[in-house]
Each structure stands twice: as C-alpha cells, then as structure tokens.
1. Taking the stated definitions as given, is GLU74 assigned to a helix (DSSP H, G or I), touching an Asp or Glu at 6+ places or on another chain (Cβ under 9 Å), of a type outside the set (A, V, I, L, M) and open to solvent by 50 Å² or more (accessible area, probe 1.4 Å)?
2. State which residue is nearest to the chain's Cα centre (by Cα) when the search covers only segment 62-71 and only residues that are closer than 20 Å to GLU112 by Cβ and surrounded by fewer than 15 Cβ atoms within 10 Å (Cβ to Cβ).
3. If you check ILE89 against the conditions, is it more than 24 Å from ASP62 (Cβ to Cβ) and modelled with pLDDT of 95 or more?
4. Return yes or no: is GLY87 outside any helix (DSSP H, G or I) and under 24 Å from LYS41 (Cα atoms)?
5. Please enumerate the residues belonging to segment 113-136 that are open to solvent by 20 Å² or more (accessible area, probe 1.4 Å) and touching a Pro at 6+ places or on another chain (Cβ under 9 Å).
6. How about segment 1-12: which of its residues are part of a helix (DSSP H, G or I), surrounded by fewer than 18 Cβ atoms within 10 Å (Cβ to Cβ) and of a type in the set (S, T, N, Q)?
7. I'm checking my understanding of the structure. Among residues of segment 13-33 that are among the hydrophobic types (A, V, I, L, M, F, W, C) and more than 19 Å from the chain's Cα centre (by Cα), which one is most open to solvent (accessible area, probe 1.4 Å)?
8. Only one of these is within 17 Å of the chain's Cα centre (by Cα) and over 27 Å from GLN151 (Cβ atoms): ALA42, ALA86. Name it.
Amino acid sequence: TIAYTYTEPTVFFELVYDTARLAHEKGLYNVLVTNGYMSAKALDKISEFIDGANVDLKAFTDDFYKNFCGARIEPVKDTLRNLKKAGIILEVTTLLVPGLNDDPDELKALAEFIVTDLGADTPWHVSRFHPTYRLTDRGPTPVSTLMDAWQTGKDAGLRPFVCRCVE
C-alpha cells in the first residue's frame with residue numbers, strides 16, 4: 001500500500017495520479033491522507049486508483065474553517081460524500097483543540113453527519129492536540145474530552161469499535 005501523506009496529496013496531484021495508476025497496475029493499494037479540500041473533478045479523475053482515504057474533518061463549523069484554515073467546510077463535506085459514493089474506504093480524523101472545536105454540540109453534529117452521510121461503520125479517529133508552533137496558547141486536549149467525544153460518536157450511532165481516541 002502507498003499512502004500519500006504529510007503534504008496534501010492534491011498539491012502534487014499529477015504525481016499522485018501517475019503513481020497511483022502505476023501502483024494499481026502492479027496490484028498495490030493507494031490511500032490518500034487529505035484535508036478533503038479537492039474538487040469533484042479531481043476526485044472523479046483519480047478515484048478508480050484510490051482504495052482508501054483518511055480525511056481530516058478539522059471541525060464542524062464554517063467559522064473554524066474560515067478562521068483557521070482559510071477555507072470552507074462544505075467542500076470538505078462534499079468530498080467526504082463523494083469518496084463514499086465512489087466506493088473508496090473512508091476514515092475521518094478530528095484533532096480536538098481545546099476551546100476551538102471541542103464543543104459537545106459541535107461534536108454531536110459532526111458524529112451525526114458521519115453516521116447519516118457516510119455510514120455508521122465509518123471509523124472516526126479523535127486525536128489529542130499538543131501545543132506547538134503557532135498554537136501554544138492552550139494545553140493538550142484533556143483525555144476526558146477524548147472519551148466524551150468517543151461517547152458522543154457511540155451515542156450518535158457510530159459502531160463502538162470504530163470510535164477511536166488517540167492520546
């Protein structure tokens with residue numbers, strides 16, 4: 001398996017496309033690790049060579065996306081839906097940043113989106129934030145927040161075995 005990660009794979013789309021195509025010809029699997037901010041046209045072009053994707057759903061508010069990512073949430077949600085429709089194995093990851101995207105109501109809405117739009121068997125990885133680089137004004141995510149998010153996912157209908165907290 002080849003995982004295209006560390007840099008957003010759509011930034012070097014042509015290289016990912018060519019590599020994924022060649023890898024598939026040799027029987028290898030291809031996985032995108034992405035922020036999900038890609039066009040439907042790009043996804044349509046590459047989807048036949050992509051077997052799995054892990055998408056960072058960074059938050060569940062447009063304000064977070066605008067203020068911290070310089071982006072919008074709807075295109076990411078569209079990409080998630082399109083990946084699912086394309087039959088690509090899908091996982092979602094959310095890094096919980098204290099005070100920014102850890103509101104219980106927001107996490108409930110996010111988990112319900114996963115269940116409703118992507119399916120109850122879609123793994124949701126909830127990761128712990130550690131202060132670094134430009135975001136040092138808050139501490140690490142409390143473990144209790146991770147456990148609450150796990151319970152929120154379970155309550156929303158995600159299968160318990162796919163709700164995973166990473167400390």
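The values are calculated or read from the model by the stated rules, or taken from the named source; none is laboratory data. Everything quoted here is computed from the prediction, not taken from an experiment. Virtual Cβ from ideal backbone geometry, glycine too; neighbours counted across all protein chains shown. Accessible surface is based on the protein model in full, side chains and every heavy atom, while ligands, DNA and RNA are left aside. Shrake-Rupley method; radii C 1.70, N 1.55, O 1.52, S 1.80 Å.
1. The answer is yes for GLU74.
2. ASP62
3. yes
4. Taking the combined requirement at face value, the residue satisfies it.
5. ARG128, HIS130, PRO131
6. Across segment 1-12, there are no qualifying residues.
7. Among them, the one singled out is LEU15.
8. Sole residue among the options that is within 17 Å of the chain's Cα centre (by Cα) and over 27 Å from GLN151 (Cβ atoms): ALA86.
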